[in-house]
Amino acid sequence: MSILAVGTVAFDSIETPFGQAKRVLGGSASYLTLAARYFCPDVRLVGVVGGDFPDSYRQVLADGGVDLEGLVVREDEKTFFWHGRYHYDLNERDTLDTQLNVLQDFEAKIPPSYQDSEIVCLGNLDPKIQRDVLAQIDDPDYVICDTMNFWIENTPDSLRETLRRVDCLVINDAEARELAGEPNLVRAASIIRDMGPKTLIIKKGEHGALLFHGERVFSAPAFPLEDIQDPTGAGDAFAGGLAGHLTREGTFDEDALRRSIIFGSTLASFAVEAFGPDRLTNLTATSITERARAFKELAAIPKLMPVTAA
């Protein structure tokens, strides 16, 4: 199976309580594809960068096996740039600078060789752009979508139109509450799934993730790490690991989704161990498998004794 990721390729400058990094490779499509390629040999990227985007960063993606035919370079413009500072609670951050640059008039053009993509991952973009992407794909098997509070607040009708065409929505808990207008996550999940997605995954940062599919809820743990450097791309690495492992499953039923969430969480746990996507460039199949097994142990419940009358 093939995976198409449509999203941002960017420069990130990051400050955390543990250090900082300037103008590292960033963007949703970068993290997603670098995570997905550990499971899928056919990972395709659509995005746009400026003439200031270095060959070395392009090579990081290419060496990872990412197909870059869909990466457009606008030589006379600058690459999207984001600068953020994280608090000690890494779920909280302040955006210090955002420069849209080439993204100001971004139109996703899907190369003909990508139009047969089977799993489509729509990064956090204008919902209209997300629909434009789907209009260019020949009947994808599965569509995974991300969004954020900006689109929820400013383009609610357009977002709902996109959600009607999505199989799986991946958002965080604050976004889920805002999208549904409901503080209780279980009720919020029901409201959101009525908008279109049969599957909803709610990311809860250091508290793991919730899968809502069919009539059941699955809770995946977060991996307890001693050394966290940069959480910037964790959510996109999660989506990449999820999509990548689904290509190995070859199906999108509940069991496949549960297993794939564990591998998504595994890739996200590696991503936060270094600034930028560096950690995603040097993993081995053994290290991924061992950590995924550790996730399974975290969630293991010993046999329960039945309650009897005292």
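List of remarks:
- Residue among ASP94, ASP167, ASP42 with the largest mean-square fluctuation in a Gaussian network model of the chain, springs linking Cα atoms under 10 Å: ASP94
- Filtered trypsin sites (Lys or Arg not before Pro), region 156-211: DSSP coil and at most 13 other beta carbons within 10 Å: ARG164, LYS198
- Between region 132-211 and region 91-128, the Cα center-to-center distance that results, in Å: 16
- Rounded to whole Å, sorted largest first: equivalent-ellipsoid semi-axes of the chain, Cα gyration tensor: 29, 23, 20
- Interchain or long-range residues, amide H under 5 Å from GLY70's placed H: LEU45
- For the residues THR95, THR79, THR232, a GNM of the chain with alpha-carbon springs under 10 Å puts the largest fluctuation on THR95.
- Zero-based 5 Å bins, Cα pair distances in region 269-310, whole percents: 5, 18, 16, 16, 12, 7, 6, 5, 5, 5, 2, 1
- Size descriptor, Kirkwood hydrodynamic radius, that averages inverse alpha-carbon separations across region 189-242, Å: 12.6
- Within the chain, longest stretch free of exposed GluC sites (Glu not before Pro) [DSSP loop, at most 14 other beta carbons within 10 Å]: 108-214
- In a DSSP loop and with at most 12 other Cβ atoms within 10 Å, the trypsin sites (Lys or Arg not before Pro) in region 235-310 are LYS303.
- For region 1-64, applying the loop criterion from DSSP together with a ceiling of 11 other beta carbons within 10 Å to the chymotrypsin sites (Phe, Trp or Tyr not before Pro) yields no site.
- Computed about the Cα centre, the dipole magnitude for region 3-298 is approximately 500 debye when only Lys and Arg (+1) and Asp and Glu (-1) carry charge, each at its Cβ.
- Along each principal axis, taking the top coordinate minus the bottom one, the Cα set of region 118-254 gives 44, 35, 33 Å in descending order.
- Ignoring lysines fewer than eight residues from LYS22 along the same chain, the ones with Cα atoms less than 23 angstrom from its Cα are LYS78.
- Cross-link reach list, lysines versus LYS204, counting only Cα pairs under 19 Å and skipping chain neighbours closer than eight places: LYS296
Read-outs: derived from the displayed coordinates by stated rules, not from any lab. Bear in mind the structure is a predicted one, so any value in this text is a computation, not a measurement. Cβ: placed from backbone, ideal geometry, glycine included. Neighbour counts: every protein chain shown.
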